[in-house]
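What follows is a single structure, written as structure tokens, with notes after it.
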Amino acid sequence: MKGSILAIPAVQGVSLYLPMGDGRLYRINAKDGRHEVIGKLEGRIPVTPGIRGDLLFLSITGQDKRDLRALMAYDLSTKKVIWQRPFRNAWSAPALSGETLYIGSEDGSVYAVDTGTGETRWRFSAPRQIRSSPVVKDNMVYAGSDDGLLYALDAQTGRKLWSFETGGSVSTAPVVAHDAVYAASYDRSLYCIDRITGQLRWKFGTEGSLYGPPAIHENQVFIGSNDRKVYCLETQTGKLRWQHETCGVVRAAPVVAGNRVYIVSTDRRLYALDTETGDLVWQYQTQGSLTVSPTLVDDLLIIGSEDRHLYAFKQ
């Protein structure tokens, strides 16, 4: 690639839509790696786009134009911007539900935006910035804040339903599975919270800050930490099943497929671990740090490296 890979690509069918640090937007065929530049925007595209049909929803931050901060809808068929609005966001990926886009902002707000016009439907304000990507489930929106709180909001109105306090910033996306929401905090802990009541079920502490969300698979929770380890926990109790140590920081969310959990690390390696035991099945070393989660497309596992290459592995 010709620029830094900053985020997980958006996936539609076998097409990957990959935002780049130089403002280029690539469409890549996941099966054979064929690619084309489908847009060149003024600025960096720092987070995973949202996609629906022919529309791609993008956050742009200034590069040459330092004051440029925008949220836009980009038509993939015409390669034109449908709408654009000022927006301060370099962290939060959009979540789509119906005709509404939910996204966090550095101004401390969660916004519900009309996908057709870009107009604000509602806005919820927290004391500090929202770097967390929102998650929508059953008419509820979940998002974390740098004020240390995880918020549950009504998806239609933005009304706060409950908040849960951790001991540090909640800057990464929560994960909703079954009747629980899992939130990673800078206080080095993972929290399992009842998603309806906001009551704590369990808490698991690590030896380092948590920069990426967990992955939930059946009755297992996988989480990587700044302490260079990945942990496997029981979903019901938070009890540790196993841990595996890498040679670098694990910043990205694990990805589970079958009986393998895939981990990327700043030690430049991709690890394939057995989900039941944590034993190493295989590993692959790139020439750059790995900080972006892998992407699954059918039977392929795709990762982007800071060596500016995209790699595809057969599972």
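The numbers here are math on the coordinates, done by the rules we state, and not lab data. As the structure is a prediction and not an experimental result, all values here were calculated from the model. All Cβ positions, even for glycine, are placed from backbone atoms using ideal geometry, and neighbour counts span all protein chains on display.
So the values come out like this:
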item: Cleavage-rule hits, chymotrypsin sites (Phe, Trp or Tyr not before Pro), the stretch 163-193, DSSP coil, Cβ neighbours within 10 Å at most 13; result: none
item: Most fluctuating residue given options Ala93, Ala143, Ala272, as computed from a GNM of the chain linking Cα atoms under 10 Å; result: Ala272
item: Most fluctuating residue given options Gly53, Gly104, Gly148, as computed from a GNM of the chain linking Cα atoms under 10 Å; result: Gly53
item: Loop sites in the stretch 1-110: trypsin sites (Lys or Arg not before Pro), DSSP, at most 13 other Cβ within 10 Å; result: Lys2, Lys31, Arg34, Lys65, Arg66, Lys79
item: Nearest-0.05 FRET efficiency for Asp298 and Asp22, computed from C-beta distance (R0 22 Å); result: 0.15
item: Rough spin-label spacing in nm, given labels placed 7 Å along Cα→Cβ, for Ser4 and Arg159; result: 4.3 nm
item: With at most 12 other Cβ atoms within 10 Å, longest stretch of the chain clear of loop GluC sites (Glu not before Pro) (DSSP); result: 120-206
item: When the chain is reduced to its Cα atoms, the Kirkwood hydrodynamic radius in Å; result: 19.7 Å
